[in-house]
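Visitor: Structure incoming, see below.
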Amino acid sequence: MPLSDCLSLGLAIVTIFLAGAVVFYGVVRQPERFFRVERIAYCYPLGMTALSLLFFAMSFFGIGLRVPLVVGAVVISAVIVRRCRTATLKEFWLRPATVRINQARFDEFEWFLVLIVVACLGARTIACLLTPLWDWDSLNNWGIRSKLLYLGTVRSYDDYFRGAEYRYLNQTYPLLWPFMYAWLCTALGRWDDISMMAINPFNLIVFSLLIFYTVRKFASRKVALGITVMVASLPTSIHYTECGQADIALMLLSGASLFCLVTWMQEGRRDFLILAGVLMGGALFTKTEGQVVFGAQLCMAAVSILVSVPRPDRKRRFGQLVVYAMIAVALVSPWLLYRSTLSHDAWMVGGRVLNSGIRWQEVPTLLVAIIGNAYHFYNQYGLPKWNILWVLMPLFLVFSKSPRQYPWLFLVGIFLLHGVCIMVVELMSKEILTLHQMEAAYERYVVIMLPPLWLVLGKCVDEWWTVWQSAAAPQAADISKPN
């Protein structure tokens with residue numbers, strides 16, 4: 001890749017981080033609650049959210065993407081937010097974290113785990129830079145609309161974004177991911193469906209960082225690294241990172257929102273709640289399935305208030321939860337209003353419409369497909385799927401105490417509620433629900449559903465790691481005693 005292209009892509013990616021940094025700096029009042037690298041990691045999904053919503057507003061009014069215009073808007077926003085804050089940039093971004101941390105140097109095993117993470121993410125980064133859009137959904141749902149947004153606007157290509165004859169473009173799908181591709185091509189100065197894939201690895205890299213630092217707050221460093229290895233090496237996530245789908249972006253945005261929401265559930269800190277709302281707004285603007293994620297997280301957060309919060313404080317916490325929901329809905333409301341103006345025919349993608357009821361007779365077929373999706377080592381395309389994730393996960397969930405404790409029980413509930421909602425939608429559709437027909441869809445569903453289970457798994461592993469260390473300590477002491 002030419003140096004000029006590297007610089008252009010770097011500018012585009014840095015702009016995303018800077019836009020998110022403006023949001024993070026404007027919202028967070030206690031940066032010490034985050035690790036230093038974690039603060040930067042959150043800037044990426046926040047930046048995607050902020051820029052994509054800005055791009056949609058511009059595009060709706062016929063304003064195309066322009067590098068000076070976008071960079072200027074980010075700089076002006078940064079100046080305004082800086083003048084409204086008392087904390088200096090150095091104090092905010094470099095303030096030491098007060099959360100639990102191990103200052104000891106990495107041992108050999110920890111360095112080995114780091115090497116695995118770097119190797120997995122590095123290999124996927126190289127693969128993304130060599131692979132153009134080739135997957136049907138990538139081309140159909142994201143690639144074509146990205147090119148339209150690069151060449152023009154939602155207004156100038158109104159026929160493509162509204163016309164029923166172009167419904168194969170999945171016009172009811174949100175536009176965050178097409179805007180991200182279009183933004184990278186705008187920075188490049190040309191349409192390039194290979195170079196624009198440079199953004200894809202960042203979704204998995206940033207998600208891996210957020211997983212590590214989130215788990216690190218309640219588990220040992222070795223456990224946090226072990227969970228991060230599982231995340232970074234999961235074949236399904238790796239595959240969908242490379243092929244350019246929006247599922248990994250949705251996993252990142254909804255997962256980041258969940259991590260903040262869980263902290264709010266435990267500590268009641270308003271900063272985390274606002275961040276969760278903003279990030280969920282981005283998830284809602286990424287894929288239609290974001291609505292399912294939002295509903296599952298909102299419902300279980302409400303249940304957690306009823307179960308775990310003292311009665312006198314419930315009203316205040318419910319009020320805060322309403323604020324979270326209002327932020328998310330308000331951010332995505334321009335898109336929802338626009339989508340509501342599409343004709344009924346534009347909602348019919350590939351002949352897939354909902355039946356008048358649930359096909360109860362298909363429940364056994366669906367359950368068999370779900371089990372097959374989890375326990376087939378390779379999919380029908382010859383690609384590995386989950387390694388041994390679905391061997392380890394049930395064992396830890398059943399034999400650990402943590403999944404029956406607060407807040408981990410509610411995280412399991414989010415996963416299950418999300419899954420039930422997806423099952424209901426599929427049972428109401430006209431799709432053939434066998435694994436052969438729907439395996440790719442089932443894989444993508446699970447990738448998006450996994451963030452709450454990663455946290456629960458981290459807690460379970462840390463629980464058993466603590467037991468193992470406690471059992472090993474007396475033995476070590478006995479060995480060290482003189483005869």
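Visitor: Show which lysines lie in cross-link reach of Lys287 when reach means a straight Cα distance below 19 angstrom and same-chain residues fewer than eight apart are skipped.
Guide: Lys147
Visitor: Given the options Pro384, Thr236, Phe415, identify the residue whose Cα lies farthest towards the positive end of the charge dipole of the chain (+1 on Cβ of Lys, Arg; -1 on Cβ of Asp, Glu).
Guide: Selected residue: Phe415.
Visitor: Next question, about the same structure. Tell me, Tyr240, Tyr25 in order of fewest to most beta-carbon neighbours within 10 Å?
Guide: On the way: Tyr240 27, Tyr25 20.
Placing the least packed residue first, the sequence is Tyr25, Tyr240.
Visitor: Please get the size of the charge dipole for region 133-235, origin at its Cα centre, with Cβ charges of +1 on Lys and Arg and -1 on Asp and Glu, quoted in debye to the nearest 20.
Guide: Numbers: 10 positive and 7 negative charges, 125 e Å.
The dipole magnitude comes to about 600 debye.
Visitor: Counting Lys +1, Arg +1, Asp -1, Glu -1, what net charge surrounds Val117 among other residues with beta carbon under 15 Å of its beta carbon? Walk me through the numbers before you get to the answer.
Guide: Details: positive: Arg124, Arg216, Arg221, Lys222; negative: Glu110.
Here the count lands on +3.
Visitor: Which length gain, in nm to one decimal place, applies between Gln361 and Val309 when the Cα-Cα distance is subtracted from 0.36 nm times their residue separation?
Guide: So the extension gain works out to 14.6 nm.
Visitor: Give the distance, in whole Å, between the Cα centre of region 7-41 and the Cα centre of region 217-231.
Guide: First find each Cα centre; the distance between them is then 23 Å.
Visitor: If you don't mind, there's one more thing I want to ask. Based only on the alpha carbon positions, what is the Kirkwood hydrodynamic radius of region 6-88, in angstrom? Provide the component values of the computation, followed by the final result.
Guide: Numbers: mean 1/r = 0.0741 Å⁻¹.
Evaluated on region 6-88, it is 13.5 Å.
Visitor: Sticking with this one: What order do you get for 121-130, 80-89 when each peptide is scored by the mean count of other beta carbon atoms within 10 Å, highest first? Working shown, then result.
Guide: On the way: 121-130: 16.0, 80-89: 11.6.
Answer by packing, highest mean first, reads 121-130, 80-89.
Visitor: Ok, one more. Which residue, chosen from Val215, Pro312, Ile116, occupies the Cα position most advanced towards the positive end of the dipole of the chain, where the dipole is computed from +1 (Lys, Arg) and -1 (Asp, Glu) charges on Cβ about the Cα centre?
Guide: Final value for the positive-end residue is Pro312.
Visitor: When Ile327, Ile414 are ordered from fewest to most other Cβ atoms inside 10 Å of their Cβ, what list results? Please report the intermediate quantities before stating the final value.
Guide: Numbers: Ile327 19, Ile414 27.
Ranking Ile327, Ile414 by Cβ neighbours within 10 Å, fewest first, gives Ile327, Ile414.
Visitor: While we're on this one: Only Lys, Arg, Asp and Glu count, each charged at its Cβ (+1, +1, -1, -1), so figure out the dipole size of the chain about its Cα centre, rounded to 20 debye. Don't skip to the answer; put the middle values down first.
Guide: Numbers: 41 positive and 29 negative charges, 363 e Å.
For the chain, the charge dipole is close to 1740 debye.
Visitor: Let me ask something additional. Using a cut-off of under 16 Å, list every residue of region 151-176 whose amide N is near the label point 7 Å from the Cα of Ser343 along the Cα-to-beta-carbon line.
Guide: Zone members listed by number: 158-172.
Visitor: Which of (i) 25.2; (ii) 21.8; (iii) 26.3 is the computed mean projected area of the Cα convex hull in nm² for the structure on display?
Guide: So the calculated entry is the one marked (iii).
Visitor: Per residue of region 297-311, what does 6.51 cos²θ - 1.76 cosθ + 1.60 with θ = phi - 60° give for ³J(HN,Hα)? Whole Hz please, x for Gly and Pro, Karplus curve as stated.
Guide: 5, 5, 5, 6, 5, 5, 5, 5, 5, 4, 8, 10, 9, x, 3
Visitor: Quick one: Cα centre-to-centre distance for region 358-421 and region 177-216, in angstrom?
Guide: Each part reduced to its Cα centre gives a spacing of 28 Å.
Visitor: Quick one: order Arg29, Arg145, Arg317 by neighbouring beta-carbon count within 10 Å, fewest to most.
Guide: Details: Arg29 13, Arg145 25, Arg317 21.
Lowest count first: Arg29, Arg317, Arg145.
Values quoted throughout were computed directly from the atomic coordinates according to the rules given, and no laboratory measurement underlies them. Since the structure is predicted, the reported quantities are computational estimates derived from the model, not experimental observations. Note that we place each Cβ from the backbone using ideal geometry, even for glycine, and neighbour counts take in every protein chain shown.
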